[in-house]
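The values are calculated or read from the model by the stated rules, or taken from the named source; none is laboratory data. If you're wondering where the values come from, they're calculated on a predicted model, not measured in any experiment. Counting neighbours? That spans all protein chains shown, and the Cβs are built from the backbone with ideal geometry, glycine included. SASA here: full protein model, heavy atoms, side chains in, ligands and nucleic acids out. Shrake-Rupley method; radii C 1.70, N 1.55, O 1.52, S 1.80 Å.
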Amino acid sequence: MKFDPATIMRLKEKIAVYREFLKKWLEPSNLAELRPKLEFQTGVLAGFALIASVLLGVTNCSTEGTIQRRLDEDLKKSLEEVVPAALYDNDLLLDTLNIPSAEYNIGANETTVYIAKKSGQVSAVCFKFTAPDGYSGAINMIMGIDRNANILGVRVLSHKETPGLGDKIEVAKSDWILKFTGRSLDNLAPAKWAVKKDGGEFDQFAGATITPRKSVQAIYRGLQLFKAHQEQLINPASHQSRDKE
């Protein structure tokens, strides 16, 4: 939960009120009178619980902004890996469009697409997606695609694949993921969007076929998602104008 300045001010005011109340309540003369009573014990516990909850709220408020900045920095770094900086002069984090994606089996019913623009014109898009059926679980990826539907880059964000085998999908472990750069639905037939063991274009790993197989399939589905919404993504202004007519 994110607190606005007004909420923060109200919290501070409440803290000041409770502090004054506790100051009077904890006066020796008052404590001597209250200590033998059961209500005193209950009040002490309730007081500490209240103080703890207020402090937790203030701490959350003060750290939430820092955490969000770090998440944004990580996302921005991932975007830069799959969309060359020369292709845009806008802030990708602020220029987004949500599109339905449930039918493409990429891990979300709706996908946030980051729009790259150069001099006001869309040059590329980028979005996160998931291969939900990896060997050891979901494989989370991010892909950049230029306005002509060619892949600019794909990177794996997280996975639980077998170290030394399936983890070769990471760019730090091998160059396998780089083989998708320049590929598109137009320059590679549907049957070739598979590992070589299945008659496709892409290598499988020794001792690990499922990981690359499912990664290739998810990337292909990601391209299909883009193709289905290409006009809307590349010309968002004109698409919105038609929707208003």
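Summary of values
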quantity	calculated
Relative contact order of the range 189-234, defined on C-alpha pairs under 8 angstrom at six or more residues apart (%)	25 percent
Given 77/192; 128/168; 117/196; 173/196, the pairs whose alpha carbons are separated by over 29 Å	77/192; 117/196
Extension gain, residue 23 back to residue 136 (0.36 nm per residue minus Cα-Cα distance, nm)	35.0 nm
Paramagnetic label zone (point 7 Å from Cα along Cα-to-C-beta, residue 148; backbone N under 20 Å) in the range 97-117	116-117
Under Karplus coefficients 6.51, -1.76 and 1.60, residue-wise ³J(HN,Hα) of the range 130-135 in Hz, glycine/proline x	9, 8, x, 10, x, 4
Modelled FRET efficiency - R0 30 Å, residue 14 with residue 70, Cβ distances, 0.05 increments	0.55
Highest-first arrangement of 9-16, 224-231, 175-182, where packing means the average Cβ count within 10 Å	224-231, 175-182, 9-16
Förster-model FRET efficiency, 30 Å R0, residue 98 and residue 121, C-beta, rounded to 0.05	0.90
5 angstrom amide H check on residue 152, placed H, neighbours 5+ away	144, 145, 146, 182
Accessible area in square angstrom per residue, the range 84-238, 1.4 angstrom probe	45 Å²
Whole-Hz ³J(HN,Hα) from phi, Karplus 6.51 cos²θ - 1.76 cosθ + 1.60, for the range 188-200, glycine and proline x	9, 4, x, 5, 7, 7, 7, 6, 4, 4, 9, x, x
